[in-house]
Amino acid sequence: MMTMSFTNTTTTSASSSQLASSQRITMRGGQASNNLVKMRAQHAFARENRRHASSLVVCAGTGKFVVGGNWKCNGTKDSIDKLCASLNSGKITADVEVICAPPMVYIDRVQSKLKAPYQIAAQNCWVSKGGAFTGEVSAEMLKDANIPWVILGHSERRSLCGETNEFVGLKTKYALDTGVKVVACIGESLAQREAGDTLNVCFAQLKAIVDCVTEKDWENIIIAYEPVWAIGTGKVATPDQAQEVHAGVRKWMSENVSPDVASKVRIQYGGSVNAGNCDELATKPDIDGFLVGGASLDGEAFVKICNSAAHSK
Ligand code: PGA
């Protein structure tokens, strides 16, 4: 196995602070040709120049690319067994972390079937210690069942189950304190986007989390930016639209948490990601992965999306 790394670290002056941005190209596999290496170095160089040209891009994430599959409330024992078999037989060749979130009732089954590198997430958990909360699952239970991740604040839970920003903030803190890592979802509705409120909505959702957690907690949080109008609609945000929000979120994190956390926190894009659009989205410097709904139910497509990590910075 051959590993090649180019690291290009640049310090740019942002509005109030000096932020370090870095790019790394890592290629594994003996067949990596010199031409390919050269081409990717040129892309990295071009991207760095674009970054200087855009006031919105203050830094790019340095964390490992991470792809989540949110299976939502879908599946039967039979379809889930087939999906697990398809995922296990797919080849994940990129340097990527992968997290699958099956429906709660099938988690145990999926856990016993999926092989590395797949990790498991729950799609929700309760805001505090378990007890008389009919229908809920506590973070302690997730921990006890060796489920390392939980998705919190998904827009479907916000809109259909009435979860407020503050509730999501409290849930995030409770899960983290219990030892369960969090994929925290944020994102604006179509009306909010059309009113020009996209970033303010995202910042308010983030602030409610920032108010509850410590700076250290961010080591165990992934932010998933999922514009509500793109979820399940087939209407994906353009790579530039997604990049603009991701860069805005990272800048906000830099100013409201710390430049260090901002450069390390991983920001996934979610909303109609599929095997056809993932590669281009992955090239954007502030997109550190995806949270995938519909396409995560198709093993072959999901593996392709995981491998789009090879196109990331
Ligand atoms: P989608 O869902 O990929 O089906 O749009 C994404 C999500 O809700 O996480």
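The values are calculated or read from the model by the stated rules, or taken from the named source; none is laboratory data. All of these numbers come straight from a predicted model, not from anything done at the bench. Backbone-built Cβ (ideal geometry, glycine too); neighbour counts: all protein chains shown. Please note that ligands, DNA and RNA were not included when accessible areas were found on the heavy atoms of the full protein model with its side chains. Shrake-Rupley method; radii C 1.70, N 1.55, O 1.52, S 1.80 Å.
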Could you report the accessible area of Glu156 in Å², rounded to 10, computed with a 1.4 Å probe on the protein chains as they sit in the structure? 60 Å²
If r is the Cβ-Cβ distance from Leu199 to Glu300 and R0 is 51 Å, what FRET efficiency results, to the nearest 0.05? 0.90
Cut-off under 17 Å on the C-alpha distance; same-chain residues fewer than 8 positions from Lys171 excluded. Which aspartates and glutamates are left, in chain and number order? Glu136, Glu140, Glu156, Glu163, Asp211, Glu215, Asp217, Glu219
Alpha carbon Rg of segment 178-272, scaled by the compact-globule rule 2.2 N^0.38 Å: 1.05
With no solvent and one point on each alpha carbon, what is the Debye value of log10 I(q)/I(0) for segment 66-152 at q = 0.10, 0.11, 0.12, 0.24 Å⁻¹? -0.26, -0.31, -0.37, -1.24
If each of Ser258 and Thr283 carries a label point 7 Å out from its Cα toward its Cβ, how far apart are those two points in nm? 3.5 nm
For segment 110-231, give the magnitude of the charge dipole about the Cα centre (Cβ charges: +1 Lys/Arg, -1 Asp/Glu; no others), in debye to the nearest 20. 400 debye
The alpha-carbon center of segment 101-154 and that of segment 223-288 are separated, in whole Å, by 24 Å
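How do 253-260, 190-197 rank on mean C-beta neighbours within 10 Å, highest first?
253-260, 190-197
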Too long at a 26 Å Cα-Cα cut-off: which of Lys64/Lys181; Lys143/Lys313; Lys115/Lys251; Lys181/Lys313; Lys181/Lys264? Lys143/Lys313; Lys115/Lys251
